[in-house]
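*Asks:* Following this message is one structure expressed as structure tokens.
The values are calculated or read from the model by the stated rules, or taken from the named source; none is laboratory data. This one's a predicted model, so the numbers in the text were calculated from it and none came from an experiment. Glycine gets a Cβ as well: all are built from the backbone with ideal geometry, and neighbour counts include every protein chain shown. SASA here: full protein model, heavy atoms, side chains in, ligands and nucleic acids out. Shrake-Rupley method; radii C 1.70, N 1.55, O 1.52, S 1.80 Å.
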Amino acid sequence: MKDVANAAHVSIAVVSRVLNGDSTLSVPDSTRQRVIETAKKLNYTLKHRRLKTKQNVTKILLADYHCEEEERDDPYFWPMIRGIEMECQVMGIEPPTKRYLSPGTCLDNETLEEYDGVLVIGGEATRNWNNHPQKLVFLDYCPDTSKFPSVSVDFRGAVFAALRHLQSLGCADIAYIGGTRHFGIDYREAAFTEYMQQHTNYAADSIFHGDWSTAGGYEAMCALLEKRQVPQAVFVASDPMAIGAIRAMSEVGLRVPEDVAVVGFDDIEMAPYVTPSLTTIRVNPELMGRLGVRMLVNPLEQSTPLQVVMPFQLIVRESCGSETHRQASSLPV
């Protein structure tokens, strides 16, 4: 699949979705045809294998604590769900039943008994789930790591790496733009606050919020420019929001990175192609979804729940003004 992606000049994810017949993939028909023709030229055959499982898990529920609009706008979550669906296909089991849950709600015991396993995205309420720890895997967030297996991102390490990089470029006044979560504070925002309090003269007026979308980033940046002086840099918790923030700055004559450096989060497909190209944190939510399915279907036979923390990369591009094109995130936290 990697060979096909390289030859067709697309990402591996695009190859996978095209060859799996994903009609929701937003790419030109010419791109789809190029992928298909390249696969034929390379004699690539998509084969779905059925994996042996340690337990009979065939009916899975996907409990998602995000509304459909938020899931669509935030590029962190929809690849995760795609990974879940693709891994179920690879394992030869039916796609999960999806249920959107509002914050603070919980599945009842009857529902839990109905399914062989449950994948939970962004959920906190577990009052009825404590009797079924072996049936749950949490993605992105885990309310109790001593009871439940989970797959998450090293948000703290990722944000610290981005802020250290900005400081190495001489940026001391750094602002934050991000969205909000249904419960508590977003991990990226918490890490930003922790780092800035430890290493700079932190000011509470450095944090601004908007929707997890390009429009949300634009509006948050406009609010920032109205309420405080222009910062030297902005860390933005998602790439679409970062693109909106850059647009807002360009409208008032601010240049990126000459006047304000910008770092995003997600490394979406268009990040290298916007102007200026976007420095960002690369994570792999699709793999998170795949791993969640594997952990649910093939749990480790041990009393301590498995906790998987995904690695990240700081991808340095033009928006922060660094001369280095790419830098891996092997820095200590």
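*Asks:* Would you be so kind as to identify which of 216, 233, 191 lies farthest towards the positive end of the dipole of segment 89-242, taking Lys and Arg as +1 and Asp and Glu as -1 on Cβ and the Cα centre as origin?
*Replies:* Projecting each Cα onto the dipole axis, the largest value belongs to 233.
*Asks:* Pop out the carbon and sulfur fraction of the accessible area of the chain as a percent, whole number, probe 1.4 Å. Write out the running numbers ahead of the final one.
*Replies:* Numbers: 7610 of 15780 Å².
That fraction is 48 percent.
*Asks:* Could the peptides 237-246, 310-319, 260-269 be put in order, highest first, of the mean number of other beta-carbon atoms found within 10 Å of their residues? Please list the in-between numbers first.
*Replies:* On the way: 237-246: 27.3, 310-319: 20.3, 260-269: 24.3.
The densest-packed peptide leads the list: 237-246, 260-269, 310-319.
*Asks:* Now for a different question. How large is the accessible surface per residue of the chain, computed with a 1.4 Å probe and reported in Å² as a whole number? Mind showing how you got there, number by number?
*Replies:* Numbers: 15780 Å² over 333 residues.
That works out to 47 Å² for each residue.
*Asks:* Run the reach check for residue 98 against aspartates and glutamates, Cα to Cα strictly under 12 Å, same-chain hits fewer than 8 apart removed. What comes back?
*Replies:* Leaving aside aspartates and glutamates fewer than 8 places away in the same chain, those within reach of residue 98 are 64, 68, 85.
*Asks:* Determine Rg/Rh for the chain; Rg is computed over alpha-carbon atoms and Rh is the Kirkwood hydrodynamic estimate from the same atoms.
*Replies:* Looking at the chain, the ratio lands at 0.99.
*Asks:* Another question about this same structure. So what's the angle, to the nearest 10 degrees on a 0 to 90 scale, between helix 155-168 and the longest Cα principal axis of the chain?
*Replies:* 20
*Asks:* Also, quick follow-up: Which ³J(HN,Hα) values in Hz, rounded to whole numbers, follow from the phi angles of segment 314-321 under the Karplus curve 6.51 cos²θ - 1.76 cosθ + 1.60, where θ = phi - 60° and Gly and Pro get x?
*Replies:* Each residue of segment 314-321 in turn: 8, 9, 8, 10, 6, 5, 10, x Hz.
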